[in-house]
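What follows is a single structure, written as structure tokens, with notes after it.
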Amino acid sequence: MYNFDVEKPTSIADAVAALASDDEAQALGGGQTLIPTLKQRLASPSKLVSLSGVAEMQGVSTDGGVVSIGGATPHGVVAAEVAQSYPALAALAGNIGDPAVRNRGTIGGSLANNDPAACYPAAALASGATIVTNGREIAADDYFDGLFTTVLEEGEIVTQVRLPVPEAANYQKFVQPASRFALVGVFVAKFADGVRVAVTGASEDGVFRWSEAEAALSANFSADALDGLSVAADGMMADIHGSKAYRAHLIGVLTKRAVAAAA
Amino acid sequence: MTKVSMTVNGKAASGDAEGRTLLSSFLREELGFTGTHVGCDTSQCGACVVHVNGVAVKSCTMLAVEAEGAEVATIEGQAAPDGTLNTIQQAFQDHHGLQCGFCTPGMVMSTAALLKENPKPSEQEIREYLEGNICRCTGYHNIVKAIMAASGQDVSAIAAE
Ligand SMILES: Cc1cc2nc3c(=O)[nH]c(=O)nc-3n(C[C@H](O)[C@H](O)[C@H](O)COP(=O)(O)OP(=O)(O)OC[C@H]3O[C@@H](n4cnc5c(N)ncnc54)[C@H](O)[C@@H]3O)c2cc1C
Ligand code: FES
Ligand code: FES
């Protein structure tokens, strides 16, 4: 790891200023992705701006059917705090990596990183979340922009994530046992005005909505409604853990399981 | 270099760290707490697990400067000052929950975190909680037994093999 300075601001304004003052500076969330990246010398920031001391970015609140999560809130805290208000999200957060990873890794770091096999992007997209940054509010539908890419600008930080709570929801993760990430993950969320289905771990373009399944499930929220629907293998990722066809097949299977568990 | 101060196992400790210094390196090389092991250095194995402000973290994946002012607990603080093992450590010994012992500091610290959250975990809960702690020797079986015993539960229910 190359050396760097570390700043520990205590407010969003100071964090944004620290990032703006140096174009080689980078935000540090829980470090569960960034520190391994730095060890491999895949990044060499001059300065890390630690967000863990920013109190305004910590914690969870629920109001009017919307769960609001501070951008620096660790997965373990989310799992505990939304257990009553949004159980499907609690189950997702409580199943990321392992307990020690969940005590450090944050929702803002996960959404900023947009790993194609990460869990939170599926929850944000299926819930129709709003990603709040220091400067604006971004709808999840407009936020993800391909593998490891989002519409966040240089120095822009995720300060809060607001997720509308569905009437029924479930996340099915097919765990890749070595990395503990999702080989494929499907989040199904049923709202009064329709069903949203978000798929992670599968597409070459990162997290996406499976619109045919959404239409079928909006008309009839049962696993049978998905009979005959499939995702094309074209455009899926392939690696030693699974081929394109295998991933495409898993999407169908996991979506059915998610609907059965949510219904 | 920055001066970093923290409380380790109840006692004040401080030393010098660069921005990039990992908590694992700081504990081992600067403060001399070599009981915290570094197995993979890639956040996979859990040998380096310590508690920071009461929660388990992988010390190879946290910067020392981020632990400024924190309460840190390591394996060295688990036994009594006269060397008497605590309940978890004694159970690992009684049930042969270790062979080479390399993973053991992390196993014991993860177990302590588990039992604080969940004083009587089921076998399934134990196995899930230890997902991030890898052991190359034991096959986990005796570790699970040790944790059942440490939490005052019947060990005979765990299959023999
Ligand atoms: C063993 C292991 C298993 C894991 N398993 C899973 C899994 O099953 N599912 C899953 O989804 N993830 C998994 N992860 C990843 C984990 O969830 C990470 O915590 C997460 O991806 C990154 O969050 P972080 O807070 O650690 O961010 P960091 O590592 O600190 O940062 C990641 C990136 O985001 C940027 N960043 C951080 N916070 C913000 C912010 N608030 N605003 C803007 N940019 C920010 C950083 O500059 C950096 O580029 C795993 C990680 C490990 C080590
Ligand atoms: S040394 Fe930290 S997880 Fe392996
Ligand atoms: S006892 Fe040898 S690695 Fe666990």
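In table form, for the structure just shown:
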| item | result |
| --- | --- |
| Flag if A:Arg180 is under 26 Å from B:Ala47 (Cα atoms), within 16 Å of ligand 2 (Cβ to nearest atom) and part of a loop (DSSP other than H, G, I, E, B) | yes |
| Condition check for A:Lys190: charged (D, E, K, R), open to solvent by 20 Å² or more (accessible area, probe 1.4 Å), assigned to a strand (DSSP E or B) and more than 23 Å from A:Asn114 (Cα to Cα) | yes |
| Test: A:Ala122 is over 28 Å from A:Gln172 (Cβ atoms), away from every other protein chain (no Cβ under 11 Å) and open to solvent by less than 40 Å² (accessible area, probe 1.4 Å) | no |
| Leading residue by the ranking (surrounded by the most Cβ atoms within 10 Å (Cβ to Cβ)) among those in the range A:77-100 that are away from chain B (no Cβ under 12 Å) and under 14 Å from the mean Cα position of the chain (by Cα) | A:Leu89 |
| Residues of the range A:91-116 that turn out to be in a helix (DSSP H, G or I) and farther than 23 Å from A:Ala258 by Cβ, as a count | 9 |
| Single residue of A:Leu51, A:Leu34 found to be within 13 Å of chain B (Cβ to nearest Cβ), more than 16 Å from ligand 2 (Cβ to nearest atom) and open to solvent by 10 Å² or more (accessible area, probe 1.4 Å) | A:Leu51 |
| All positions within the range B:114-131 that are in a helix (DSSP H, G or I) and open to solvent by less than 10 Å² (accessible area, probe 1.4 Å) | B:Leu114, B:Ile126 |
| Filtered residue count, the range A:1-31, keeping only those that are away from chain B (no Cβ under 12 Å) and charged (D, E, K, R) | 4 |
| Selection count where residues are under 21 Å from B:Leu23 (Cβ atoms) and part of a helix (DSSP H, G or I), scope the range A:1-53 | 6 |
| Of all residues in the range A:54-76 being over 15 Å from the mean Cα position of the chain (by Cα) and within 19 Å of A:Ala27 (Cβ to Cβ), the one that is most open to solvent (accessible area, probe 1.4 Å) | A:Glu56 |
| Residue match in the range B:24-31 (condition: open to solvent by less than 50 Å² (accessible area, probe 1.4 Å) and either modelled with pLDDT under 95 or within 16 Å of ligand 1 (Cβ to nearest atom) (or both)) | yes |
| Enumeration of residues in the range B:84-134 that are more than 14 Å from chain A (Cβ to nearest Cβ), under 13 Å from the mean Cα position of the chain (by Cα), within 16 Å of ligand 2 (Cβ to nearest atom) and in contact (Cβ under 8 Å) with a residue 12 or more places away in the chain | B:Phe102, B:Thr104 |
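The values are calculated or read from the model by the stated rules, or taken from the named source; none is laboratory data. Predicted model only: the values in this text are computed from it and were never measured. Cβ coordinates were reconstructed from backbone atoms using ideal geometry, including for glycine residues, and neighbour counts include every protein chain displayed. We work out accessible area using only protein heavy atoms, side chains counted, and drop any ligands, DNA or RNA first. Shrake-Rupley method; radii C 1.70, N 1.55, O 1.52, S 1.80 Å.
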